[in-house]
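The structure appears below as structure tokens.
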There are 2 protein chains.
Amino acid sequence: MDGMNFPIARSTLPEAAAERLRTLIIEGALAPGARLNERELSERLGVSRTPLREAFRMLAADGLLVHLPNRGAQVVSLSREDVRHAFEVMASLEGLAGELAASRVTDGDLGELRALQAEMEQAHARHDLPNYYRVNRTIHDRINAIAGNPILTHSFRTLNARLHALRFRSNLVRAKWDHAVAEHREMIEALAARDGERLRDLLVRHLRTKQRTVLETME
Amino acid sequence: MDGMNFPIARSTLPEAAAERLRTLIIEGALAPGARLNERELSERLGVSRTPLREAFRMLAADGLLVHLPNRGAQVVSLSREDVRHAFEVMASLEGLAGELAASRVTDGDLGELRALQAEMEQAHARHDLPNYYRVNRTIHDRINAIAGNPILTHSFRTLNARLHALRFRSNLVRAKWDHAVAEHREMIEALAARDGERLRDLLVRHLRTKQRTVLETME
DNA sequence: GGGTTGCATTTTGTATACAATATGCGAAAC
DNA sequence: GTTTCGCATATTGTATACAAAATGCAACCC
């Protein structure tokens, strides 16, 4: 049992408040462009203004809020240009993740991903969109984790989180859905072949599709 | 004069404190691994603990500090692995910046960069290392700006700032210095040729040299 | 009517006070 | 001697108070 620690996770009010605000932003309860009133929010969240202000700083760093001196914090409102910029960087990062994952993937990883792919195809067959998206997300997170670069993972996740506030959940038409599932199959194959370049291309193409979807829903 | 505003820049104590702390970390006055005592620092900076704590949150988001609940903030201590991870991502980002810059560069940009290159070569000829580095930095910032993606610029700059705390300023031996200057010349040529792939390769190679330097100074 | 000024109120920024947790050290137990 | 316990003190987390800046609205002037 030497060296086996079980540290108790510690959280503080700023962290909890930031998490809660993140959710409120993503759900649209705090709309893009909205000015955040500290007194109201502190009452609403049941914390004093001090941890709330720290939470604002954290969310500003994540790009979800913008801090306006003497005017307080405002929910970021993404323009089409912002979205393009974000996707441009995300494509680069996810492409890198694909290359790294292809060079670092283990047989155990592949087994796991194949199981997830099977699960996602079942959701697809059942027309179960929520579960399809859930597993989809898990697969991407797994690939990112196999890449083994925490800075990469964190950077991608932070950028991706900004886009969640757009709530662009698409209604996948059947043909597109079939195509997306097939793309995922190809990703696993490229991973199994340790073909980094191919996986990068697939991930970038996949992301470009998502970008088109997001931009369409912004009209 | 319509639409010509001259907004007065506003700053707050958390922002000023964060900037000051950033400098103290980079200069080594706050050493890697050091625990930051709020009372001492608030006295030292002449601010109360509240804006100081907000500043800590900002620096934690930048990766310069790590926030330990109930134990306060600690200056990040980069391992060799951290450095490799950071460079891995930075190479991807700067490579992307190179591609974008090559597709977006104007003749005016090229003129400016050629002037900067001439200035840098003069510093090189005079063995003027501080000015060489200063102009070097300006050139890279310019390329990044020409890429025209603020998210990319910000991401790269944030990652790069983490490495400054390592203070790896190398003593350039003559041959290496000559080589670096030549590489910069090639970058301008690639830009002028709007050859994104070549510029990406040059920037990534250049950065790999920097990475080797950093890792060597960490031994 | 439009523009400016003055003032009350609200909101944000910061300092201070109080509460909770961590740390350090001496004393007690083995 | 080593380990554990108890307690004082220091530090961090959070709430509250005070100060500074912003906002809104009525009154006044052209």
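Each reported figure results from applying straightforward, stated rules to the coordinates on display, with no laboratory input. Treat the numbers as computed from the prediction; the structure is a model and nothing was measured. Positions of Cβ are backbone-derived with ideal geometry, glycine not excepted, and every protein chain shown enters the neighbour counts.
Note the angle between two axes, namely the Cα long axis of helix A:49-61 and the longest principal axis of the Cα atoms of chain A, as a number of degrees from 0 to 90, rounded to the nearest 10. The angle comes out at about 40 degrees. Straight Cα distances below 22 angstrom link B:LYS210 to the lysines B:LYS176, with same-chain residues fewer than 8 positions distant left out. Take every pair of alpha-carbon atoms less than 8 Å apart whose residues are at least six positions apart; their mean separation over the length of chain B yields a relative contact order of 25 percent.
For A:LEU202, the shell of other residues with beta-carbons less than 12 Å away shows a net charge of -3, using +1 for Lys and Arg and -1 for Asp and Glu. Each Lys and Arg adds +1 at its Cβ and each Asp and Glu adds -1 at its Cβ; summed about the Cα centre, the stretch B:13-75 shows a dipole of about 220 debye.
Taking chain A as the reference, fit the longest principal axis to its C-alpha atoms, fit the long axis of helix A:13-27 to the helix C-alpha atoms, and give the angle between the two in degrees, 0 to 90, nearest 10. The angle comes out at about 70 degrees. Largest first, the extents of the alpha carbon coordinates of the stretch A:171-211 on the three principal axes equal 33, 18, 9 Å.
Legend: translational diffusion of the stretch B:102-211 by Stokes-Einstein, Rh = Kirkwood radius over C-alpha pairs, 4 °C, 1.567 mPa s; D = 89 µm²/s.
Under conditions of 4 °C and 1.567 mPa s, the protein assembly as shown yields 54 µm² s⁻¹ as its translational diffusion coefficient, taking Rh as the Kirkwood radius over Cα pairs in the Stokes-Einstein equation. Taking one quarter of the surface of the convex hull spanned by the alpha-carbon atoms of the stretch A:55-124 gives a direction-averaged projected area of 7.9 nm².
Among residues of chain A, the one whose Cβ lies closest to the rotation axis carrying chain A onto chain B, together with that distance rounded to whole Å, is A:ALA61, 2. When Rg and Dmax are taken over the Cα atoms of chain A, they come to 19.6, 59 Å. In order along the stretch A:102-114, phi translates into HN-Hα couplings of 5, 8, 10, 5, 9, 4, x, 4, 4, x, 5, 5, 5 Hz, rounded to whole numbers, per the Karplus curve 6.51 cos²θ - 1.76 cosθ + 1.60 with θ = phi - 60° and x for Gly and Pro. Only Cα sites of the stretch B:13-75 enter the Debye sum here, all with the same form factor; the resulting log10 I(q)/I(0) across q = 0.12, 0.15, 0.18, 0.27 1/Å is -0.22, -0.36, -0.53, -1.32, listed in q order.
Restricting to DSSP loop positions (anything but H, G, I, E, B) with no more than 16 other Cβ atoms inside 10 Å of their own Cβ, which chymotrypsin sites (Phe, Trp or Tyr not before Pro) remain in the stretch B:104-195?
Passing both the DSSP loop test and the Cβ count: B:PHE168.
Taking trypsin sites (Lys or Arg not before Pro) as exposed when their DSSP state is a loop state and no more than 14 other Cβ atoms lie within 10 Å, the longest site-free interval of chain A runs over A:11-70. One Cα centroid belongs to the stretch B:23-99, the other to the stretch A:80-110; the line between them spans 26 Å.
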